[in-house]
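Engineer: Quick one: the structure is below, questions incoming.
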Amino acid sequence: MLNMADDTFMRLAVQKAREGIQNGQTPFGACIVSSDAKVLACAHNVVWLTTDITAHGEVNTIREACRNAGAIDLSGCTIYSTTEPCPMCFAAIHWAKIKRIVYGASIADAQAAGFNELAISNRVMKDEGGSPVEIDGGCLREECRALFQEWKDSGKARIY
């Protein structure tokens, strides 16, 4: 269930996505917060910068959070993602033992913007894979969806 703090942390993810857009990257950002409301990491997608197709915002944020925590176990943490995580990112979230996913825009929103998303929801992956992760979607959805248009209007938009 979404709460007021979720808006605050999602706005950090939105800010990171905007930073990525300004740097010629795609409009995806994420933020990981510990159970005691400490921000462990915020990052954006750097697929084009690194020529690494796995350099999604969520994966970059997990990598940074693990370094900052000095551990690969992020139990109790929440990840805020501007868009519903793709299957690769969902799996990384599961393996990092992140407790909860909060996302804004949906996979369908990303597809509508032209991204080559696999049309499998986090809820289906959770149910089919038996993951304990909690999922709350639609947090600041319109703000997160607006990132796609900001990205298109940036003059730097490239699809992968």
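The values are calculated or read from the model by the stated rules, or taken from the named source; none is laboratory data. Note that the structure is predicted; figures quoted are calculated from it, not measured. Quick reminder, even Gly has a Cβ in these numbers, built from the backbone with ideal geometry, and neighbours come from all protein chains shown. Just so you know, the surface numbers come from the protein's heavy atoms only, side chains and all, with ligands and any DNA or RNA stripped out. Shrake-Rupley method; radii C 1.70, N 1.55, O 1.52, S 1.80 Å.
Engineer: Determine whether Asp109 is charged (D, E, K, R) and open to solvent by less than 30 Å² (accessible area, probe 1.4 Å). So that I can check it myself, show each step before the final result.
Structural biologist: Values: charged (D, E, K, R): yes; open to solvent by less than 30 Å² (accessible area, probe 1.4 Å): yes.
Here the answer is yes, as Asp109 does meet what is asked.
Engineer: Turning to a different aspect of this structure: Are there helices (runs of 4 or more DSSP H) fully within segment 99-160 with at least 1 residues that are closer than 16 Å to Lys16 by Cβ? List them.
Structural biologist: On the way: elements: 107-112, 122-129, 141-153.
In segment 99-160, 141-153 are the helices (runs of 4 or more DSSP H) which contain 1 or more residues that are closer than 16 Å to Lys16 by Cβ.
Engineer: Among the residues of segment 43-58, which ones are surrounded by fewer than 24 Cβ atoms within 10 Å (Cβ to Cβ) and either without any contact (Cβ under 8 Å) to a residue 60 or more places away in the chain or on the phi > 0 side of the Ramachandran plot (or both)? Quick ask: steps written out before the conclusion?
Structural biologist: At the first step, the residues of segment 43-58 found to be surrounded by fewer than 24 Cβ atoms within 10 Å (Cβ to Cβ) are 46-55.
Matches in segment 43-58: Val46, Leu49, Thr50, Thr51, Asp52, Thr54, Ala55.
Engineer: Here is a further query. Scan segment 123-145 for residues that are open to solvent by less than 60 Å² (accessible area, probe 1.4 Å), among the β-branched types (Val, Ile, Thr) and closer than 17 Å to Ala105 by Cα and jot them down.
Structural biologist: Ile135
Engineer: Which is open to solvent by less than 20 Å² (accessible area, probe 1.4 Å) and touching a Pro at 6+ places or on another chain (Cβ under 8 Å), of Ile93, Ile98? Write out each step before concluding.
Structural biologist: Working: Ile98 fails: touching a Pro at 6+ places or on another chain (Cβ under 8 Å).
Every option except Ile93 fails the conditions.
Engineer: Right, something else. Any residue in segment 63-81 that's among the acidic types (Asp, Glu): show its pairings with residues that are at pLDDT 95 or above and not in a helix (DSSP H, G or I) at Cβ separation under 7 Å, as long as the two are six or more apart or on different chains.
Structural biologist: Pairs that qualify, where the first residue is among the acidic types (Asp, Glu) and the partner is at pLDDT 95 or above and not in a helix (DSSP H, G or I), are Glu64/Ala41; Glu64/Ala43; Asp73/Lys97.
Engineer: Now, a different point. Would you mind finding the one in Thr26, Thr61, Thr78, Thr8 that is within 20 Å of Ile135 (Cα to Cα), at pLDDT 95 or above and open to solvent by less than 10 Å² (accessible area, probe 1.4 Å)? Break it down into steps so the answer makes sense when it comes.
Structural biologist: Values: Thr26 fails: within 20 Å of Ile135 (Cα to Cα); Thr78 fails: open to solvent by less than 10 Å² (accessible area, probe 1.4 Å); Thr8 fails: open to solvent by less than 10 Å² (accessible area, probe 1.4 Å).
After applying the criteria, what remains is Thr61.
Engineer: Quick one: which residue in Glu84, Glu19 is surrounded by 24 or more Cβ atoms within 10 Å (Cβ to Cβ), closer than 27 Å to Asn116 by Cβ and of a type in the set (Asp, Glu)?
Structural biologist: Values: Glu19 fails: surrounded by 24 or more Cβ atoms within 10 Å (Cβ to Cβ).
Within the list Glu84, Glu19, the selection yields Glu84.
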